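> Below is a structure I'd like to ask you about.
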Amino acid sequence: MRLLPRSAFGQTVLLIGMLLLINQVVSYISVTYYFIHPSYQQINSLLAKQVKLVFLEGHNLTDAESRKQLYQATGIRVYDQYQAQQHGLNNSIYYQFLSSEMTRQLGGNSEVRVASGDPYVFWIRAPHSRNLWVMVPMIGVRNTDISPLTIYLMVIGILSVAGGWIFVRRLNRPLKALQQAAFQVGKGNFPKPLKEEGSSEIRSVTRAFNQMSKGIKQLEDDRALLTAGISHDLRTPLTRIRLSTEMLPADQEWIQQGINSDIEDMNEIIDQFINYVRQDQQEKVETANLNKVIEDVVKSRDREDDHHISLDLDEVPDVEIRKVAIKRVLDNLLENAFRYGGNQVSIHSGFNKKTKMVFFELRDHGPGIAEDQIENLFQPFAQGDKARGSLGSGLGLAIIKRIVDMHSGEITLRNHPQGGLVAMVNLPASRKKSNYQ
């Protein structure tokens, strides 16, 4: 378990709190040492002088009349052990510090006890006579539940921490907005320019980020326009070629079929370029059940008799997704699985309560892919298909990766121990999933 906070906000508040705590402890010790400690020493010295007065030569402490005169003159009383217990000795508290100081003042082993009340009562057993207790009332000494010094230090500490918390929170607010905007840009979204606020350094960073975001958006728009233009221009000559093949003689039908097949492949590659650039940003996000999406995609595949899909769908919470985009992910993964992994595909879905992620796994039964090639398969134009004996545009998995990233999810590929390739997609569950928490 990590005790120290990772965020700058938490670390700054912790630093301020630690400094204030050290300051409070030092202040408390200083006040105790320079004010409270000397006051107790003065009280103890006064008590020691009164005890010495009681035991001056000529005082008959065993005589009741002498004790009465002493009490009337000073307010001090002298009791034996039994009398002292009768007058509240058992309700007093022993103080080691006062006893040590009294021992030093009187030059012999002494014991000091204090009984709270109005007034305070000090019980002293002096080395002059161990059988007698001297009771000295102290007017003006009062007891409180908590000292004003402690209350003062607590109030100052709380106000200081609260002030530091407000200051750091205000300082980190633009950083939080910057972080969220950076996540949006990473998903392919481009938020409005951030408001420049905070310190001069943070303003400079925000200004640079706004310029960077604007530049990236311009590049994306230019790339989309360029790709759309190229795709449109390529389809025109392909259409003319298709029309030309219709004019071939009947005995050259095999040539016509070959050309049409190549045209279909080229159209498919053009569609992949368009899909990669488009990113499905126009589709509306909605709450849906992943199992229902999987079942819809599988039903559309039932028309192909040579393809067999087995389902193992556990109960899962809803997810917030672009349904058409996720269907494209499933369809592309199924297409790759049937093309390179045989006619048997299995799909398993579930919910990871620890990570709060809904997932599905799609497994084929083909030869798999070399481990050293898996890491680069999601890169655009990476010819991972060569590992399984075919060529392609290299954009299929890149499109899938971009759609999954757009949903704040993750996709991984791994070879199954019993053969075949497993593609696992994790998507964050919807916040409305209390039954699964």
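> Return the pairs, sorted by first residue and then second, in which the second residue is of a type in the set (S, T, N, Q) and surrounded by 13 or more Cβ atoms within 10 Å (Cβ to Cβ), the first residue lies in segment 236-253 and is within 15 Å of residue 267 (Cβ to Cβ) and touching a residue at least 12 places away in the same chain (Cβ under 8 Å), the beta carbons are less than 6 Å apart, and the residues are 6+ apart or on different chains.
Going by the 6 Å Cβ cut-off, the qualifying pairs are 245/256.
> On to the next question. For residue 196, which of the numbered conditions (1) farther than 30 Å from residue 11 by Cα; (2) touching a Lys or Arg at 6+ places or on another chain (Cβ under 7 Å) fails to hold?
Result: residue 196 passes all but (1).
> Out of 306, 312, report the one residue that is of a type outside the set (Val, Ile, Thr) and either open to solvent by less than 50 Å² (accessible area, probe 1.4 Å) or at pLDDT below 90 (or both). Give the steps one after another, and end with the answer.
Numbers: 312 fails: either open to solvent by less than 50 Å² (accessible area, probe 1.4 Å) or at pLDDT below 90 (or both).
Of 306, 312, the one residue that is of a type outside the set (Val, Ile, Thr) and either open to solvent by less than 50 Å² (accessible area, probe 1.4 Å) or at pLDDT below 90 (or both) is 306.
> Another question, if that's okay. Identify the single condition in (1) assigned to a loop (DSSP other than H, G, I, E, B); (2) surrounded by 13 or more Cβ atoms within 10 Å (Cβ to Cβ) that residue 109 does not satisfy, given that it satisfies every other one.
Failed condition: (2).
> Report yes if some residue within segment 131-139 is under 54 Å from the mean Cα position of the chain (by Cα) and at pLDDT below 85; otherwise report no. Spell out how you get there, then give the answer.
Narrowing segment 131-139 to residues under 54 Å from the mean Cα position of the chain (by Cα): none.
Scanning segment 131-139 turns up no residue that is under 54 Å from the mean Cα position of the chain (by Cα) and at pLDDT below 85.
> Which residues, counting only those in segment 301-334, are within 19 Å of residue 286 (Cβ to Cβ) and in contact with a strand residue (DSSP E or B) (Cβ under 7 Å, 6 or more places away or on another chain)? Steps first, please.
Within segment 301-334, the subset within 19 Å of residue 286 (Cβ to Cβ) is 316-331.
Listed by number, the residues that qualify are 316, 317, 318, 319, 320, 321, 323, 329.
> Now for a different question. Within segment 172-182, take every residue that is open to solvent by 70 Å² or more (accessible area, probe 1.4 Å) and touching a residue at least 12 places away in the same chain (Cβ under 8 Å) and give me the one that is nearest to residue 398 (Cα to Cα).
Step one: of segment 172-182, the residues open to solvent by 70 Å² or more (accessible area, probe 1.4 Å) are 173, 175-176, 179-180.
Keeping just the survivors that are touching a residue at least 12 places away in the same chain (Cβ under 8 Å) gives 173, 175.
On the way: 173: 35, 175: 31 Å.
Restricting to residues being open to solvent by 70 Å² or more (accessible area, probe 1.4 Å) and touching a residue at least 12 places away in the same chain (Cβ under 8 Å), the top hit is 175.
> Starting from residues that are open to solvent by 50 Å² or more (accessible area, probe 1.4 Å) and touching a Leu at 6+ places or on another chain (Cβ under 9 Å), keep the ones in segment 36-51 and report whichever is modelled with the lowest pLDDT.
Filtering first and then ranking leaves 36.
> Can I ask one more? Looking only at residues that are of a type in the set (D, E, K, R) and over 18 Å from residue 298 (Cβ atoms) in segment 315-326, which one is most open to solvent (accessible area, probe 1.4 Å)? Quick ask: steps written out before the conclusion?
Residues of segment 315-326 of a type in the set (D, E, K, R): 315, 318, 320, 322-323.
Now restrict to residues that are over 18 Å from residue 298 (Cβ atoms): 318, 320, 322.
Values: 318: 60, 320: 101, 322: 30 Å².
Out of the qualifying residues, it is 320.
> For segment 189-205, which residues satisfy the criterion of being open to solvent by less than 80 Å² (accessible area, probe 1.4 Å) and touching a helix residue (DSSP H, G or I) at 6+ places or on another chain (Cβ under 6 Å)?
Of everything in segment 189-205, those that are open to solvent by less than 80 Å² (accessible area, probe 1.4 Å) and touching a helix residue (DSSP H, G or I) at 6+ places or on another chain (Cβ under 6 Å) turn out to be 190, 191, 194, 196, 197, 198, 202.
The values are calculated or read from the model by the stated rules, or taken from the named source; none is laboratory data. What you are looking at is a predicted structure, and each value in this text was computed from that prediction instead of being measured. Cβ: placed from backbone, ideal geometry, glycine included. Neighbour counts: every protein chain shown. All accessible areas refer to the heavy atoms of the entire protein, side chains included, with ligands and DNA or RNA removed. Shrake-Rupley method; radii C 1.70, N 1.55, O 1.52, S 1.80 Å.
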